[in-house]
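Everything on this sheet refers to the single structure shown next.
The values are calculated or read from the model by the stated rules, or taken from the named source; none is laboratory data. This one's a predicted model, so the numbers in the text were calculated from it and none came from an experiment. FYI the Cβ positions are ideal-geometry reconstructions off the backbone, even for glycines, and counts take in every protein chain you see.
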């Protein structure tokens, strides 16, 4: 009898917790960015970005960015923190999975914000791009404002 079992060129399927055990420069940098948000440490957060970085959160026009051009450079990214992050009592990154390829990582799941006795969930896809030294070049968050606002509830 001939064994016709073929091993996939990428190796046997192994399930692992990609959120905690797999190291990748973009995953490492984005997790440090999340830690700075949880610690309410604006300076540590800003220091994670490359000089010409851009934050698009969400991508396209929004109440944070009416023109939809994104927040480019340290001053604009600092102003984004003040407008979108600073007022929150806490922010949780509740990601279901992540996919790291090239110099990017994409997370699926939600970001939960607590502010003014309310909780809101922005469910979507969150993409981080890094340069060769691990600085964040781009944050692109794909979430829908109306869908997010519909999740608002008392804390």
Query raised in the report: Quick one: would you say residue 104 is under 19 Å from residue 131 (Cα atoms), within 16 Å of the chain's Cα centre (by Cα) and at pLDDT 95 or above?
Result: yes
Requested in this report: Kindly indicate whether any position in region 127-143 is without any contact (Cβ under 8 Å) to a residue 60 or more places away in the chain, within 12 Å of the chain's Cα centre (by Cα) and either more than 18 Å from residue 27 (Cβ to Cβ) or buried (at least 17 other Cβ atoms within 10 Å of the Cβ) (or both).
Outcome: yes
Requested in this report: For residue 50, indicate whether it is part of a strand (DSSP E or B) and surrounded by fewer than 19 Cβ atoms within 10 Å (Cβ to Cβ).
Outcome: yes
Report task. Among the residues of region 78-89, write down those that are touching a helix residue (DSSP H, G or I) at 6+ places or on another chain (Cβ under 9 Å), part of a helix (DSSP H, G or I) and within 19 Å of residue 126 (Cβ to Cβ). Result -> 81, 85
Requested in this report: Identify, from the list 96, 67, 92, 56, the residue that is under 14 Å from the mean Cα position of the chain (by Cα) and loosely packed, with under 14 Cβ neighbours inside 10 Å.
Outcome: 96
Report summary line: The residue from 148, 108 that alone is assigned to a helix (DSSP H, G or I) and touching a strand residue (DSSP E or B) at 6+ places or on another chain (Cβ under 9 Å) is 148
Report summary line: Of the candidates 92, 132, the one satisfying the condition of being part of a loop (DSSP other than H, G, I, E, B), at pLDDT 95 or above and in contact with a helix residue (DSSP H, G or I) (Cβ under 9 Å, 6 or more places away or on another chain) is 132
Query - Leading residue by the ranking (farthest from residue 148 (Cα to Cα)) among those in region 56-77 that are in a helix (DSSP H, G or I) and in contact with a strand residue (DSSP E or B) (Cβ under 9 Å, 6 or more places away or on another chain) - result: 74
